[in-house]
1. In this structure, is residue 137 surrounded by 21 or more Cβ atoms within 10 Å (Cβ to Cβ) and under 23 Å from residue 17 (Cα atoms)?
2. Note down all Cβ pairs under 8 Å where the first residue falls in the stretch 93-109 and is under 23 Å from residue 310 (Cα atoms), the second is among the small types (Gly, Ala, Ser) and modelled with pLDDT of 95 or more, and they're at least six residues apart or on different chains.
3. Let me confirm something: among 53, 42, which residue is over 18 Å from the mean Cα position of the chain (by Cα) and closer than 14 Å to residue 111 by Cβ?
4. Among the numbered criteria (1) farther than 27 Å from residue 260 by Cβ; (2) modelled with pLDDT of 95 or more, which single criterion is violated by residue 282?
5. So, in the stretch 210-235, how many residues would count as being in contact with a Gly (Cβ under 7 Å, 6 or more places away or on another chain), part of a helix (DSSP H, G or I) and crowded, with 22+ Cβ neighbours inside 10 Å?
6. Among the residues of the stretch 256-314, what is the count of those that are of a type in the set (S, T, N, Q), in contact with a His (Cβ under 9 Å, 6 or more places away or on another chain) and closer than 21 Å to residue 216 by Cα?
7. Test residue 37 against the criterion of being part of a loop (DSSP other than H, G, I, E, B), within 20 Å of the chain's Cα centre (by Cα) and hydrophobic (A, V, I, L, M, F, W, C), and give yes or no.
8. Working only within the stretch 136-177, note down all residues that are farther than 22 Å from residue 104 by Cα, hydroxyl-bearing (Ser, Thr, Tyr) and in contact with a strand residue (DSSP E or B) (Cβ under 7 Å, 6 or more places away or on another chain).
Amino acid sequence: MWLLGFNGPSGFSARSTAEQVTKGIDGTGLTAIVTGASNGIGIETARVLALRGVHVIMGVRNVKAGNKVREDILKNIPNAKIDVMEIDLNSMASIRKFASEYISSGLPLNILVNNAGIMAPPFTLSKDNIEQQFAVNHLGPFLLTNLLLDTMKKTAATSQKEGRIINVSSELHRYGYKEGIRFDKINDESSYDGNLAYKQSKLCNLLHTNELARRLKGEGVNITANSLHPGVIATNLISHMTLLSWVSTIAQYVTKNIPQGAATSCYLALNPKVNGVSGGYFMDSNQAEPGSLAKDEELAKKLWDFSLELTASK
């Protein structure tokens with residue numbers, strides 16, 4: 001599927017782009033928040049949703065960079081409805097401020113794409129004194145989603161259109177700590193491993209998605225929640241290669257460019273083929289089988305309660 005780009009059941013493959021998986025779809029009247037929208041696949045996700053008529057709110061840490069991206073999008077899509085709002089997922093105060101301002105604006109919310117994240121930094125604490133990858137990659141999206149959920153429920157009820165929550169995870173969720181989530185060692189610097197902590201946070205994304213989907217279904221609300229692996233993005237890998245040129249040549253066939261990397265996010269945000277699908281894990285715009293720990297319902301519930309406790313105290 002990677003090398004040759006065979007189409008899956010959805011009709012799309014690893015080589016499909018964000019524009020291709022949303023071709024012919026009219027998103028007029030929908031409103032979406034995309035976090036991390038001033039970098040990488042976040043930019044392309046925001047651009048393609050705007051291209052399809054969606055009113056896009058770019059949630060960014062660097063407003064100046066966000067405004068530059070917005071200007072670039074408007075140059076090519078003059079009629080795009082796109083705005084920039086500041087949010088720093090490293091700070092719960094910033095997340096609460098963003099949510100409060102959004103709710104006060106009176107805007108509806110149909111689509112939430114939790115895209116922003118960080119990968120394998122040295123041990124660092126967030127502004128709330130929580131290990132940074134766990135804080136930014138999991139707790140931030142968890143808190144933001146919870147704060148905006150009532151707005152999404154109201155929008156789904158009044159618009160009669162399905163709300164969609166999309167969490168960007170990674171295939172690396174399979175290869176983290178043996179116990180899955182180190183609840184009692186989140187802030188243990190002495191045993192910290194940046195790569196394993198990243199994988200832990202990506203497992204959290206799936207567990208959060210699955211528990212959220214279960215709760216939404218139980219409430220009977222018209223909102224779905226799905227997670228995805230965007231793929232290995234070429235710009236994140238090849239640009240750092242110092243190996244022989246032939247390695248880079250081969251790499252282009254097993255990695256994705258940014259339009260391909262944003263495809264699954266846009267597919268889950270807009271494509272009618274996933275109407276009613278919730279609690280799924282997707283890659284290459286097709287449903288995939290997650291790792292065994294990601295399907296552990298008790299672990300998902302434990303993580304949910306643990307996350308509630310952490311976010312309620314800040």
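The values are calculated or read from the model by the stated rules, or taken from the named source; none is laboratory data. None of these values were measured; they are calculated from a predicted model. Using ideal geometry, Cβ is built from the backbone for each residue, glycine included, and neighbour counts are taken over all protein chains shown.
1. no
2. 95/140; 98/59
3. 53
4. Checking residue 282 against (1) farther than 27 Å from residue 260 by Cβ; (2) modelled with pLDDT of 95 or more, the one that fails is (1).
5. 1
6. Going through the stretch 256-314 one residue at a time, the tally reaches 1.
7. When the stated conditions are applied, residue 37 passes them.
8. Correct list: 169, 170.
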